[in-house]
Amino acid sequence: MTAQYRVAIAGCGGMANEWVDYALKRQDIEIVALVDIRLESAAVMAEKHGLSCLKFTDLKQAIQETAANLVFDVTIPGSHFTIATTALELGCDVFGEKPLAETMEQCNQIVALAERTGNTHAVMQNRRYDPRIRSLRNLITTDTIGRTGYIGANFFLAPHFGGFREAMNSPLLLDMAIHTFDQARFISGANPVTVYCQEFNPPGSWYEGNAAAICIFEMSDGSVFCYQGSWCAEGAPTSWEASWRITGEKGTAIWDGLGMPYAEVVAAGDQAGKFIRDYERIEGQTVEMNSTFHHGCLDEMFLSLAEQRPAETDCRDNRYSMAMVLGALESAKQGRKIELADFMNNSGS
């Protein structure tokens, strides 16, 4: 019996193993093609996972010869636009690693093509599928702290990657900040309106490009989101999920990115005349999830196909997270605040 989803996997590097492992757990998926510019990489992937599918160096040929209807794009960021447009034009749905594309114009073109063809393009934003961040979001959406005024995320780590990241112009903003920016949109339910960014390369940095940045976003709900980050901050590291503080009318929600979130809100009772009021601690509630991170996001992507609706991380939504990254880079380049609606709409379509 033919599987419902005939998957061509584009890109056979290390991250592709996560996608293959997921696919092999589902009976409705058949991996019909492995595609990589290095055919030997596809062969190694096939041997590692016991796959007997065909191997290609060209995605178009792979789709045409195998009748694939879904492409997993696990290629490098510079290939995402070509992979997405090729697959969509040939009638395939696309699930891809972040980022959506490398420029705002390319992001807009992918969105337009998905809408024209009626095919799905969804982006892997695995940080949304962490039960702890869902718990933090619930503290906001249930009005625990009242209307949000400020969201702050601190991200300070010192990974010695070696390789391409250490040669990039903007390694932090281009390679990592998309996760934190997308988390901020997810937590708040708001989209970015403006951004001011200053990026820099601190003393002691082993990166050639700017490995640190401070970004201030005005959001569509009237709140301000402030991001402070560095990829060359030795000592006292935050988690990879960042350290969060969200302040509202009635209190503050805190998540260190490691444990469970909590809130402190103004305690009940008469506190008139108190210089500093008393607070009550409210623990974040556990959120049950069948799958988390990559597998959780993939579950949602496949569910969206079954329910014939956009995925939570559909390209049309993810375009706003990409605008935060690319708009921040533009702000840093120009040294001024950027209006993101203008930036997004005047970057091609």
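The values are calculated or read from the model by the stated rules, or taken from the named source; none is laboratory data. This structure is a prediction, so every number in the text was calculated from the model and none was measured. In this analysis, Cβ positions are derived from the backbone assuming ideal geometry, glycine residues included, and neighbour counts consider all displayed protein chains. Please note that ligands, DNA and RNA were not included when accessible areas were found on the heavy atoms of the full protein model with its side chains. Shrake-Rupley method; radii C 1.70, N 1.55, O 1.52, S 1.80 Å.
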Checklist entry - What does the highest-first list of 304-310, 278-284, 213-219, 319-325 look like by mean Cβ count within 10 Å? => result 319-325, 213-219, 278-284, 304-310
Next on the checklist: Taking the Cα centre as origin and putting +1 on Lys and Arg beta-carbons and -1 on Asp and Glu beta-carbons, what dipole magnitude results for the chain, to the nearest 20 debye?
Outcome noted: 300 debye
Checklist entry - For the stretch 275-349, with every protein chain kept in place, what is the accessible area per residue (1.4 Å probe, Å²)? => result 56 Å²
Item to check | Viscosity 1.567 mPa s, temperature 4 °C, Stokes-Einstein D of the stretch 1-140 from Kirkwood C-alpha radius, µm²/s | outcome: 83 µm²/s
Checklist entry - Quick one: length gained pulling Leu258 to Glu288 fully straight, 0.36 nm per residue minus the C-alpha distance? => result 9.1 nm
Checklist outcome for this item: Note on the chain, DSSP bridge orientation, antiparallel percent to nearest 5 equals 55 percent
Item to check | Crossing angle, helix 293-306 versus the chain [Cα axis fit, 0-90 degrees, rounded to tens] | outcome: 70 degrees
Next on the checklist: If I measure Cβ to Cβ between cysteines in the chain, which ones have no partner under 4.7 Å?
Outcome noted: Cys12, Cys53, Cys92, Cys107, Cys226, Cys232, Cys297, Cys315
Next on the checklist: Can you report the principal axis dimensions of the stretch 82-177 using only the alpha carbons, biggest first, rounded to whole angstrom?
Outcome noted: 47, 38, 23
Item to check | Residue-by-residue Karplus 3J(HN,Hα) for the stretch 194-210, coefficients 6.51, -1.76, 1.60, Hz, glycine and proline x | outcome: 9, 8, 10, 9, 10, 10, 7, 10, x, x, x, 5, 9, 8, 6, x, 6
Checklist entry - Hey, any idea what Rg/Rh is for the stretch 233-272, computing Rh the Kirkwood way over Cα pairs? => result 1.17
Checklist entry - Counting only residues 5 or more places away or on other chains, whose amide H sits under 5 Å from the amide H of Trp240 once H atoms are built in the peptide plane? => result none
Next on the checklist: For the stretch 54-211, what does the accessible surface come to per residue with a 1.4 Å probe? Please give it in Å².
Outcome noted: 37 Å²
Checklist entry - Of all accessible surface on the chain at a 1.4 Å probe, what whole percent is carbon and sulfur? => result 48 percent
Checklist outcome for this item: Sequence order, the stretch 251-257: Karplus ³J(HN,Hα) from phi using 6.51 cos²θ - 1.76 cosθ + 1.60, θ = phi - 60°, Hz rounded, Gly and Pro as x, gives x, 9, 9, 10, 9, 7, x
Item to check | Surface/4 estimate of mean projected area, convex hull on alpha-carbon atoms of the stretch 1-79, nm² | outcome: 4.8 nm²
Next on the checklist: Tell me the per residue accessible area of the stretch 4-46 using a 1.4 Å probe; a whole number in Å² is fine.
Outcome noted: 44 Å²
Next on the checklist: Would you work out the Kirkwood radius for the chain? I mean one over the mean of 1/r across all pairs of different Cα atoms, in Å.
Outcome noted: 21.5 Å
Item to check | Accessible area of Thr86 in the full protein assembly, 1.4 Å probe (Å², nearest 10) | outcome: 40 Å²
Checklist outcome for this item: Inverse of <1/r> over all distinct C-alpha pairs of the stretch 227-332, i.e. the Kirkwood Rh in Å, gives 18.0 Å
Checklist entry - Based on the mean of other beta carbon atoms within 10 Å per residue, what is the order of 90-96, 156-162, 28-34, most packed first? => result 90-96, 28-34, 156-162
Checklist entry - Fully extended, how many nm does the chain gain between Ile214 and Ser239 (0.36 nm per residue separation, minus their Cα-Cα distance)? => result 7.2 nm
Item to check | When each of Lys98/Lys337; Lys55/Lys98; Lys250/Lys333; Lys274/Lys337 is checked by Cα-Cα distance, pairs over 29 Å | outcome: Lys250/Lys333; Lys274/Lys337
